[in-house]
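The structure appears right after this line, and notes come after that.
The values are calculated or read from the model by the stated rules, or taken from the named source; none is laboratory data. Just so it is clear, the model here is predicted, and its values are computed rather than measured. Reconstructed Cβ throughout: ideal geometry from the backbone, glycine too, with neighbour counts over all protein chains shown. Accessible surface areas use protein heavy atoms only, side chains included; no ligands, DNA or RNA. Shrake-Rupley method; radii C 1.70, N 1.55, O 1.52, S 1.80 Å.
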Amino acid sequence: MREYLLTLCITAAVTYLLTGPVRKFAIVAGAMPEIRARDVHREPTPRLGGIAMFFGLCAGLLVADHLTNLSEVFEKSNEPRALLSGAALIWLIGVLDDKFEIDALIKLGGQMIAAGVMVMQGLTILWLPIPSVGSVALTQWQGTLLTVALVVITINAVNFVDGLDGLAAGMVCIAAAAFFLYAYRIWYSYGIEAAAPATLFAAILMGMCLGFLPHNMHPARIFMGDSGSMLIGLVLAAGAISITGQIDPDALKLFAGSEKAAVHQTVPVYIPLLLPLSIIAVPAADLISAIVRRTWRGQSPFAADRGHLHHRLLEIGHSHSRAVWIMYFWSALIAFGSLAYSVNSASMWIVLGVVFLSAIGLVLLLLPRFTPRVPMWAQAIVPPRYRRRRSVAAESVEAVEVEQRTPVAVGVAGVNGATALRSRPHAPERRKAETSS
């Protein structure tokens, strides 16, 4: 655990320290696109934050390779090298998109190629745990197609949710924390070495997000851009592929019985990680709703609009920061709720806790629409949005009464610069006459 924490801290420190120079480089390079109709920010903000995140990833892998225990991950598995190869390719495509705005289909092709590069180096899904069936071995083509689909879905889900300051980095950090706890439990508690690469990927991903967040919180000084959002999406997908499709469920030995029983016991975790809906459920829901919405309108699924979940939260009446924290809340509830359910799926307290927190989340979502009538004695202690508003007519009558009660002294400037004797424009004429006489 100490080595994982050291890797996380080194990754976060490198990302944090490099983000400032990267911001200056982005300004000099002109990676500050004009504000679009769907954007929420009001001033042009530099992109290319993914450059710092990529070097943080490289630093984390380099440090882990020289640690006593984590170096075994590089000796026994080729997955870290596969991740680095795919991450470098997807990062390069993102950098070009942040600077030159490349076509969406080209980005999609690049995502598929990056996933294919990882598959060629061994990071692929070998079998699937299916309830009541057991572990189903996949052919090479089936594993390749499923791996590519998972990578593309996860990358675009994270990319679609990157619309508010600190939103994508925070949500992925929450997902990576839950993923790390699950993967570390599989690796440490059950002694399954095949879970070590996924645990390392989750620790590095947390460091990348934590190092970038201080620069990206509202008001953001720099955006991660596609070079960052696609990169962290690929790292998250790589961890899901590593722990879902390459670990035999029967190796967990949760039951002394058959392999089917072991698979059935691990369904609450394996199925969500397969298409990782519990880890990035909110971005995945936003992705699906965006595709359906745009296709229904006859638009391209990659056409940008202002119909994302975070846009709707702003339209309801939430502030920028509150909308981000609400999205954080739902991501943490789903991710850690799935994690707790995987540990003890028979506990009723876990189900009741998730239901209770979901009710709190619904109240937070509808909070702007809830405007109670606060009594007069409590007007001074509640936020302004809950205070009673007087009518415009009453305010105008009160203003007239105050104006009538206020005496205007002779020679004292009144409204619009006029005095009680004469208006200001006549003053220059009087001085001119006195001078001529």
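Summary table below
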{"item": "Per residue value of the accessible surface for segment 175-215 (all protein chains in place, 1.4 Å probe), Å²", "result": "26 Å²"}
{"item": "Sorted peptide list for 140-147, 13-20, criterion being average Cβ within 10 angstrom, highest first", "result": "13-20, 140-147"}
{"item": "Rounded, prolate or oblate (a/c below 1.5 giving rounded, otherwise prolate when a/b exceeds b/c) for segment 168-210 by Cα gyration tensor", "result": "prolate"}
{"item": "Surface accessible to a 1.4 Å probe, Arg221 within the full protein complex, Å²", "result": "110 Å²"}
{"item": "Length added when fully stretched, Ile381-Leu96, from 0.36 nm per residue minus Cα-Cα", "result": "97.4 nm"}
{"item": "Cut-off 14 Å between beta-carbons: net charge of the residues surrounding Asp65, Lys and Arg +1, Asp and Glu -1", "result": "-2"}
{"item": "Extension gain, Trp296 back to Ser189 (0.36 nm per residue minus Cα-Cα distance, nm)", "result": "33.7 nm"}
{"item": "Fully extended contour minus Cα-Cα distance, from Ser319 to Leu67, at 0.36 nm per residue", "result": "86.3 nm"}
